[in-house]
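The values are calculated or read from the model by the stated rules, or taken from the named source; none is laboratory data. Because the structure is a prediction, the values reported are computed rather than measured. Please note: Cβ atoms are built from the backbone with ideal geometry, for glycine as well, and neighbour counts cover all protein chains shown. Accessible surface is based on the protein model in full, side chains and every heavy atom, while ligands, DNA and RNA are left aside. Shrake-Rupley method; radii C 1.70, N 1.55, O 1.52, S 1.80 Å.
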Amino acid sequence: MTKEQFLIAMRSLAASVSVISARDASGKTYAMTASSVTSLSIDPPAILVCVNKEASIHDTLVEDVSLCINILQKNQQEIANLCSSKDLESQRFENDFWDLSGTPFLKNAQANIFCKIDQTVPYHSHTIVLAKALKAESKGEFNTLMYGDGGYLN
């Protein structure tokens, strides 16, 4: 199989859009858009996130670090685009979308899942981050931003 065949097939896999956010030991904040976020277990509540080793947040995501999985609402495409663009990286937190008082999180996300990293597993170009969910907050009505076939879905 070629990379192109795989990419074309994966365009059929729709996923919720999330922004992963964290703060490093020096206090610097990081955020990245991710669609590779999966519920791992209910006992304990845990989540799995795949992060490209080239992502600026990558080296911050180590054992015992706190992070937030911010599941986006349909009207938050601007945030998804901002947190996925290397060119706009310095502007990710220059807005009123965030609560930066602790682990950074998006104030109006569909859901926020606050986690502590339990383990990381390197796998070729990515690292699989396994994190225990400590707290979760959700909006009542399902209004999640979805991505598939190379774009946002309505």
Worksheet, complete the sentence: The number of Lys pairs in the chain whose alpha carbons lie under 27 Å apart, excluding pairs fewer than 8 residues apart on one chain, is 27
Worksheet item: Based on the alpha-carbon gyration tensor of the range 84-154 and its eigenvalue square roots a ≥ b ≥ c, which shape applies: rounded if a/c is under 1.5, prolate if not and a/b is larger than b/c, or oblate?
Response: rounded
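Which three semi-axes in whole Å describe the equivalent ellipsoid of the range 21-154, each the square root of 5 times a Cα gyration tensor eigenvalue, listed largest first?
Equivalent-ellipsoid dimensions as semi-axes: 20, 18, 16 Å.
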Worksheet, complete the sentence: Once the dipole of the range 69-154 is set up from charges on Cβ (+1 Lys and Arg, -1 Asp and Glu), the residue from the list THR127, THR103, ILE117 lying farthest towards its positive end is ILE117
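Where does the longest stretch of the chain lie that holds no trypsin sites (Lys or Arg not before Pro) found in a DSSP loop with 14 or fewer other Cβ atoms within 10 Å?
Between the exposed loop sites, the longest stretch runs 54-106.
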Worksheet item: Roughly how many percent of the accessible protein surface of the chain is carbon and sulfur, given a 1.4 Å probe and a whole-percent answer?
Response: 52
Discussion item. For the chain, set up a GNM with springs between Cα atoms under 10 Å and report which of PHE97, PHE142, PHE105 has the largest fluctuation.
Written reply: PHE142
Worksheet item: Just how large is the dipole of the chain about the Cα centre, in debye to the nearest 20, putting +1 at every Lys and Arg Cβ and -1 at every Asp and Glu Cβ?
Response: 140
Worksheet item: Taking 0.36 nm per intervening residue step and subtracting the Cα-Cα distance, what contour gain separates SER66 from HIS124 on full extension?
Response: 18.5 nm
Worksheet item: How big is the gap, in Å, between the Cα center of the range 81-154 and the Cα center of the range 22-41?
Response: 6
Worksheet item: Given R₀ = 25 Å, FRET efficiency for GLU94-LEU134 by Cβ-Cβ distance, to 0.05?
Response: 0.35
Worksheet entry | Signed unit charges on C-beta, dipole axis of the range 55-107, positive-most listed residue CYS68, HIS58, ILE79 | ILE79
Discussion item. Run lengths n ≥ 4 of DSSP H only: what is the helix-derived mean residue ellipticity at 222 nm for the chain, with -39500 (n - 2.57) per run over all residues, to the nearest 500?
Written reply: -2500 deg cm²/dmol
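With every protein chain present, what is the per residue accessible area of the chain (1.4 Å probe, Å²)?
So the chain comes to 59 Å² accessible per residue, rounded to a whole number.
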Discussion item. In whole Hz and in residue order, list the ³J(HN,Hα) couplings for the range 140-153 that follow from phi through the Karplus curve 6.51 cos²θ - 1.76 cosθ + 1.60, θ = phi - 60°; x for Gly and Pro.
Written reply: x, 8, 5, 8, 7, 5, 10, 10, x, 6, x, x, 6, 9
